Every structure is written in structure tokens, then in C-alpha cells.
1. Give me a count of the residues in segment 102-116 that are over 16 Å from the mean Cα position of the chain (by Cα), farther than 17 Å from residue 29 by Cα and part of a strand (DSSP E or B).
2. Test residue 10 against the criterion of being over 18 Å from residue 139 (Cα atoms) and either touching a Cys at 6+ places or on another chain (Cβ under 7 Å) or surrounded by fewer than 19 Cβ atoms within 10 Å (Cβ to Cβ) (or both), and give yes or no.
3. Here is a list of conditions, (1) open to solvent by 30 Å² or more (accessible area, probe 1.4 Å); (2) part of a loop (DSSP other than H, G, I, E, B), and residue 26 meets all of them except one; can you say which number that is?
4. Which condition breaks for residue 51 when tested against (1) closer than 19 Å to residue 29 by Cβ; (2) open to solvent by less than 60 Å² (accessible area, probe 1.4 Å); (3) modelled with pLDDT of 95 or more?
5. Tell me, which residue of segment 7-23 that is modelled with pLDDT under 95 and outside any strand (DSSP E or B) is nearest to residue 69 (Cα to Cα)?
6. With the requirement that a residue be touching a Phe, Trp or Tyr at 6+ places or on another chain (Cβ under 7 Å) and open to solvent by 30 Å² or more (accessible area, probe 1.4 Å), what does segment 84-120 give you?
7. Go through segment 54-78 and give me each residue that's loosely packed, with under 14 Cβ neighbours inside 10 Å, hydroxyl-bearing (Ser, Thr, Tyr) and in a strand (DSSP E or B).
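The values are calculated or read from the model by the stated rules, or taken from the named source; none is laboratory data. This is a predicted model, so every value here is computed, not measured. Counting neighbours? That spans all protein chains shown, and the Cβs are built from the backbone with ideal geometry, glycine included. Remember, those area values only see protein heavy atoms, side chains included, never the ligands or the DNA or RNA. Shrake-Rupley method; radii C 1.70, N 1.55, O 1.52, S 1.80 Å.
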Amino acid sequence: MVAMQISPLTFRSSVVVSREPEEVYALVSDVTRTGEWSPVCAECWWDEGRGPEVGSFFTGRNVTPERTWETRSEVVVASPGREFAWSVGPGLVRWSYLMKPAETGTELTETWEFTEAGLKFFHEKFGADAPREIAAREEAARSGIPATLAAIERILEG
């Protein structure tokens with residue numbers, strides 16, 4: 001067996017929207033609206049809990065030309081006007097929206113982290129195909145996050 005160094009992959013991008021942080025938070029923490037802005041996640045629904053609260057779970061249905069699949073996520077941060085974050089798996093991938101006041105509204109940052117546990121899971125699940133599968137997820141985040149932020153900006157400033 002060959003030892004392998006596994007480290008998390010991350011990506012983040014930001015946009016400034018002309019809305020207050022609390023208004024931005026109200027939109028992005030409503031996971032039932034995710035299909036309005038995500039290029040991959042077609043819809044989400046709450047499984048357990050009472051909405052955007054730490055410990056609540058939701059399921060997302062993702063659709064690409066190649067496949068359709070569902071993931072279950074747990075809300076890990078629910079701080080109105082500051083951050084909404086969830087863990088897919090849970091523990092495999094962490095997504096978040098960070099809000100901070102800006103001169104003309106709110107700087108909204110979306111982050112993605114493929115955790116060490118997620119990378120290990122992919123190596124166990126996909127074996128020799130893991131690097132290709134991980135690269136595909138990374139590319140989806142790198143192209144999807146800017147598209148998501150642009151769509152959220154259009155919705156908020158509509």
C-alpha cells in the first residue's frame with residue numbers, strides 16, 4: 001500500500017450586492033430557494049429541524065447532464081447577517097455564505113471546502129478513479145460559485 005497525502009481543497013468567490021446583510025442572509029439561508037440560483041442543485045427541502053438553525057438537516061437534489069443524485073446536509077452555522085454554512089455528508093464538504101457590510105451594501109462570499117474526510121471517502125469509494133472524481137467536483141465548485149453569486153445578485157437586485 002502506498003501512503004497518500006490528502007489535504008482539503010478550497011475555493012471562494014465574492015460579490016457586492018446593494019442589500020443589507022440581514023436581507024442577504026434571509027435569501028441564502030432559505031435552502032428551499034437554492035434551485036433559483038444554483039447551476040447544479042435543482043431543489044432542496046428541510047428534513048429535520050425548523051429551517052436555518054444549527055443542527056437542522058436538509059436534502060438537495062443535484063442534476064447534471066451525466067446524472068441526478070441527492071445529498072443530505074446539516075446546518076453548522078446560522079448567524080443572521082453574518083454566515084450560513086452547511087456540511088454535506090455531513091463532514092465531507094463544507095459550504096458557506098459569509099456576509100459583511102460593504103460601502104454599497106453587502107459583500108457576499110461563497111466558500112467551498114472538500115474536507116480531509118471527504119477526500120478520504122472519495123479515495124475509498126472510487127479507488128483509482130478518485131483523482132478524476134475529485135477534480136470534477138473541484139471544477140464544478142470553481143465554475144458554479146461565480147455563477148451562483150451572479151444569480152443571487154440578480155435576485156436581490158431584480
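1. Our first condition is that a residue be over 16 Å from the mean Cα position of the chain (by Cα); within segment 102-116, this holds for 102-107, 116.
Of the ones still in play, those that are also farther than 17 Å from residue 29 by Cα are 102-105, 116.
Right, trim to part of a strand (DSSP E or B) and you get 102, 105.
The total comes to 2.
2. Criteria not met by residue 10.
3. For residue 26, the failing item is (2).
4. Only one criterion in (1) closer than 19 Å to residue 29 by Cβ; (2) open to solvent by less than 60 Å² (accessible area, probe 1.4 Å); (3) modelled with pLDDT of 95 or more is unmet by residue 51, namely (3).
5. That would be 8.
6. 86, 92, 95
7. If the condition is that a residue be loosely packed, with under 14 Cβ neighbours inside 10 Å, hydroxyl-bearing (Ser, Thr, Tyr) and in a strand (DSSP E or B), then 68 is the only one that fits.
For every residue, the table says whether it meets (1) basic (Lys, Arg); (2) assigned to a strand (DSSP E or B); (3) under 18 Å from the mean Cα position of the chain (by Cα); (4) at negative phi.
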site	(1), (2), (3), (4)
84	no, yes, yes, yes
90	no, no, yes, yes
118	no, no, yes, yes
128	no, no, no, yes
134	no, no, yes, yes
138	no, no, yes, yes
146	no, no, yes, yes
151	no, no, yes, yes
156	no, no, no, yes
